[in-house]
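The values are calculated or read from the model by the stated rules, or taken from the named source; none is laboratory data. Here the structure is a predicted model, which means the values were calculated and not measured. Here the Cβ positions follow ideal geometry from the backbone for every residue, glycine too, while neighbour counts run over all protein chains shown.
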Amino acid sequence: LLVGAFMIKAGQVTIGNLVTFMTYLDMLVWPLMAVGFLFNMVQRGSVSYERISQLLEQASDVEESSHPLTTISNGSLTYDINHFSYDKEETLTDIHFRLEKGQTLGLVGQTGSGKTSLIKLLLREYDVTDGAICLNNHNIKNYRLKDLRHLMGYVPQDQFLFATSILENVRFGNPKLSVEEVEAATRLSHVYNDIME
């Protein structure tokens, strides 16, 4: 602006030329800032993409059966675990019980006593190395992971919700659920009335 004032005084430009130049300059600033912002987002996105790619390329410790059982259904569940450890730290020892279809079991214990580990082993987030977990007298390692996990329902102790509707949060495990099925699920889990309040 100061240079423009000197140029007007010297007769090198007119006031109209200076106003036009300043208007164009103002119109150019925001797109340049947007390009800088976009470049910053691309840089952060590429770092995130690299990290996600590393995670996706990492081999899982849990392997699918080469000849999985073709059918899976609710039934008897048998835990026969001699030992289980995370990174050589003993977590579970001598866990032996059987649940028949329709039976329920409450797991009670101190933090770190292995309650969540029992569920993670059932979902095959980890595999039992010394012992077995059997569903309908078949080792759960013989089922496809997708089928086994589709059969199970698990509510972790640390709940989370995605920043979306309750409907979409309930549908997270199965996006094909109808509204009626979601309503039935919320009624079954006794949260329907809380949601409707």
Within segment 160-197, take every residue that is over 19 Å from R149 (Cβ atoms) and part of a loop (DSSP other than H, G, I, E, B) and give me the one that is modelled with the lowest pLDDT. L161
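Right, Y79: modelled with pLDDT of 90 or more and not assigned by TED's automatic domain parsing to the domain that holds L105 or not?
Working: modelled with pLDDT of 90 or more: yes; not assigned by TED's automatic domain parsing to the domain that holds L105: no.
Considered against the rule, which asks whether it is modelled with pLDDT of 90 or more and not assigned by TED's automatic domain parsing to the domain that holds L105, Y79 comes out as no.
Quick one: would you say T78 is touching a strand residue (DSSP E or B) at 6+ places or on another chain (Cβ under 9 Å) and either more than 29 Å from L177 (Cβ to Cβ) or not in a strand (DSSP E or B) (or both)? Walk me through how you get there before you give the answer.
Numbers: touching a strand residue (DSSP E or B) at 6+ places or on another chain (Cβ under 9 Å): yes; either more than 29 Å from L177 (Cβ to Cβ) or not in a strand (DSSP E or B) (or both): yes.
Taking the combined requirement at face value, the residue satisfies it.
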